DNA sequence: GCCCACGCGGTAAACGTTTACAGCAATCGG
DNA sequence: CCGATTGCTGTAAACGTTTACCGCGTGGGC
């Protein structure tokens, strides 16, 4: 492999100084003749700029990190799908971190910003601890947080509005005549878990429905756990007629268990998921799901970060993406509301 | 933010030379006293090593790139999920490229290896062109290809065996008594498309079934396209009794269309997908699917690359991951073969 | 015909590390 | 008691760029 050509090799071959080579390569004003010679030499040698040396001098890596809680979670993937092209278009590479929602790993990522291998970071922590906030304040590079963060945190922030989202779903169920509406939630010490639980309670209250502890079960944000929680709920409240699930995976678990228990969906029990992932459209019956705009949030986060990287020191900005209820067969009855091809068309929404 | 501390700042503060600081930081033999002073200074200053400068000098970036054809495709995601932790454990960061299966983009990625911002690359091209091979030969860093590559290519290579995979599926359908077995394939100029098409033909021949052009439809590897192709097939061959789909997305499209056409699955038409993605377990009826070991392939690729990065110049190696048929309700009848929790347990297979 | 301005291009320093080499003190063997 | 060895440490050069600065030659204005 012979240790590729450098700017020096070119300079020698073209008979000019390395400064000139650099200038040509960067398109700075240079005499035509010189440009020609340098270009020719570069071509012949198959020269490619060394990104590392460049970064060292220019203090810009043209890399951005995205720390996702879980590579397996389709909601984060939806973000990733949007983030990637935005960054790419702006000439940034994407470094992917998976933190498995482990706080220590997230802190690690924030700490590693000090190594300066990226120009900025997009992060979506499930839990936000005191330590997160400290590290955030001390961060050596701009950070955009996807998810809610306390008032006054000095970081750009993109939020979903799961409160309104849950509200949309409950109203929908209510309008369908459901009155025994259960909730299957994830851990309450997570940001989304807490928000969704509170919103559920609030929505019931506003509709004049009683809050019944037996109707609320806590599991984890995964399919098997969700199923387990549903089984528990069925045990206590056999006549439940609707389930609000804190995400789509839980809802899939709910479908599994309901089917096994001989309940018809939606005739006996209507099911609503959350995040409107690809799985919602793939399942059968297709899941009604509250879209929290994962894609839009990803896009917004990427754009905020780019803006901050290019622009200067504006005040931190908060973007809130409105939720949207996507109605499918799991609530809308036998009409098999065939929304079909999954991704493709959903282009409304977005602030 | 004040321009973070460098090795120089520490040296000054600790009253030693920068060489000593570097030595301490790298754990090279040093007097206890010196170690103490340096560590203290580093701590007080909140020093973090600059990765870029480090890379420049050491010629190692501790980054590896993964170029996936499509961030949306669950098969690639399965790879990603395995690649990420392997790299992380070895101290490498992951740079993610999405090429949208566009040849020019893939070539771009190969070319950019010359920038030396990564130590190696894992790539999974859908098509392999002459240009790919040229660039591969000239690549400035080790590359592992996931997918088949011509004999004699000097690159590590991880393959699926879709030939055997298709065979498993067809044999299964045959054993269930199906004789009018259709195939919905992706483009024939892709590596997997070609392989799967040929394998289908072969499998039929071996079973003594006639090859009927009307039973084969070509679409693309997506859901809507898959559905369209199935509709076409139904039109020509109304009594088709089984469908071999070239991937799970196509199979989902098939389920959509069959349902709309009033065909029962599997009673009237059995459906087999391929790749055994999460979607297969989520759909209803759950899809029988041929696992081509995406996860295993990802893992193997990462391990090959690491080995090459650490070890020296061994001969290129080819790893083939055996396929596995995962039987679910879409072929196995009403028994609703509840394989449930999606990921979690499937731990067999793997070479 | 001089001086100044201007356009180019070269020299060298810097970015923050790692590391070869040399120097120096202390220790050991003879 | 001296030379050689050993154990640490400091100096300086490199890694491959970008860029501030300076010098040179040309052309124009007076």
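The values are calculated or read from the model by the stated rules, or taken from the named source; none is laboratory data. On a predicted model such as this, the values are computed, not experimentally measured, just so you know. Note that each Cβ is placed from the backbone with ideal geometry, even for glycine, and that neighbours are counted across all protein chains shown.
Some observations on this one:
- Flag for residue B:75 being more than 12 Å from chain A (Cβ to nearest Cβ) and buried (at least 21 other Cβ atoms within 10 Å of the Cβ): yes
- For residue B:211, the conditions (1) surrounded by 21 or more Cβ atoms within 10 Å (Cβ to Cβ); (2) touching a helix residue (DSSP H, G or I) at 6+ places or on another chain (Cβ under 7 Å) all hold with the exception of (1).
So that you can scan it fast, the table gives a plain yes or no per residue for (1) assigned to a loop (DSSP other than H, G, I, E, B); (2) surrounded by 19 or more Cβ atoms within 10 Å (Cβ to Cβ); (3) touching a strand residue (DSSP E or B) at 6+ places or on another chain (Cβ under 8 Å):
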position	(1), (2), (3)
B:117	yes, yes, yes
B:122	no, yes, yes
B:149	yes, yes, yes
B:154	yes, no, no
B:159	no, yes, yes
B:164	no, no, no
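- Number of positions in region B:47-57 that are away from DNA strand D (no atom under 16 Å from the Cβ) and either closer than 20 Å to residue B:97 by Cβ or at pLDDT below 95 (or both): 0
- Which listed residue, of A:25, A:56, A:80, is touching a residue at least 12 places away in the same chain (Cβ under 8 Å), under 25 Å from residue B:139 (Cα atoms) and within 40 Å of the chain's Cα centre (by Cα): A:25
- A residue that is within 12 Å of chain B (Cβ to nearest Cβ), out of contact with any helix residue (DSSP H, G or I) (no Cβ under 8 Å at 6 or more places or on another chain) and touching a residue at least 40 places away in the same chain (Cβ under 8 Å) occurs nowhere in region A:149-164.
- Restricting attention to region A:50-72, the residues that are more than 9 Å from chain B (Cβ to nearest Cβ) and buried (at least 21 other Cβ atoms within 10 Å of the Cβ) add up to 4.
- Restricting A:110, A:94, A:121, A:87 to those that are closer than 23 Å to residue A:56 by Cβ and over 15 Å from the mean Cα position of the chain (by Cα) reduces the list to A:110.
- Between A:59, A:23, A:31, the distinction of being within 8 Å of DNA strand C (Cβ to nearest atom) and on the phi > 0 side of the Ramachandran plot belongs to A:59 only.
- Considering only residues in region A:58-80 that are under 15 Å from residue A:109 (Cα atoms) and at pLDDT 95 or above, the one that is farthest from DNA strand D (Cβ to nearest atom) turns out to be A:67.
- Matching strands (runs of 3 or more DSSP E) fully within region A:198-309 where at least 1 residues are on the phi < 0 side of the Ramachandran plot, within 13 Å of chain B (Cβ to nearest Cβ) and touching a strand residue (DSSP E or B) at 6+ places or on another chain (Cβ under 8 Å): A:270-274, A:288-291
- Matching residues in region A:22-46 - criterion: being near DNA strand D (Cβ under 7 Å from one of its atoms) and either closer than 27 Å to residue B:51 by Cβ or surrounded by fewer than 14 Cβ atoms within 10 Å (Cβ to Cβ) (or both): A:22, A:25, A:26
- Among the residues of region B:1-11, those that are surrounded by 14 or more Cβ atoms within 10 Å (Cβ to Cβ) and more than 8 Å from DNA strand D (Cβ to nearest atom) comprise B:4, B:5, B:6, B:7, B:9, B:10.
- The one condition from (1) farther than 29 Å from residue A:70 by Cα; (2) in contact (Cβ under 8 Å) with a residue 60 or more places away in the chain; (3) crowded, with 24+ Cβ neighbours inside 10 Å that residue A:240 does not meet is (3).
- The lone exception for residue A:132 - which of (1) more than 11 Å from the chain's Cα centre (by Cα); (2) assigned to a loop (DSSP other than H, G, I, E, B) it fails: (2)
- The set of residues from region A:277-323 being in contact with a helix residue (DSSP H, G or I) (Cβ under 7 Å, 6 or more places away or on another chain) and free of Cβ contacts under 8 Å to residues at least 60 places away in the same chain comprises A:280, A:283, A:285, A:286, A:287, A:289.
- Checking residue A:40 against (1) within 16 Å of DNA strand C (Cβ to nearest atom); (2) facing chain B (nearest Cβ under 8 Å), the condition it does not meet: (2)
- The set of residues from region A:203-225 being at pLDDT below 95 and closer than 20 Å to residue A:260 by Cβ comprises A:219, A:220, A:222, A:223, A:224, A:225.
- Count of residues meeting criterion [surrounded by fewer than 20 Cβ atoms within 10 Å (Cβ to Cβ), part of a helix (DSSP H, G or I) and either modelled with pLDDT of 95 or more or within 14 Å of another protein chain (Cβ to nearest Cβ) (or both)] in region B:310-341: 0
- Flag: residue B:127 does not match the condition of being touching a helix residue (DSSP H, G or I) at 6+ places or on another chain (Cβ under 7 Å), within 12 Å of another protein chain (Cβ to nearest Cβ), part of a loop (DSSP other than H, G, I, E, B) and touching a residue at least 24 places away in the same chain (Cβ under 8 Å).
- Top-ranked residue of region B:78-92 - restricted to ones that are out of contact with any helix residue (DSSP H, G or I) (no Cβ under 8 Å at 6 or more places or on another chain) and in a helix (DSSP H, G or I), ranked as farthest from the other protein chains (Cβ to nearest Cβ): B:89
- Any hit, region A:93-107, residues being farther than 30 Å from residue A:298 by Cβ, buried (at least 16 other Cβ atoms within 10 Å of the Cβ) and either more than 16 Å from DNA strand C (Cβ to nearest atom) or within 11 Å of chain B (Cβ to nearest Cβ) (or both): no
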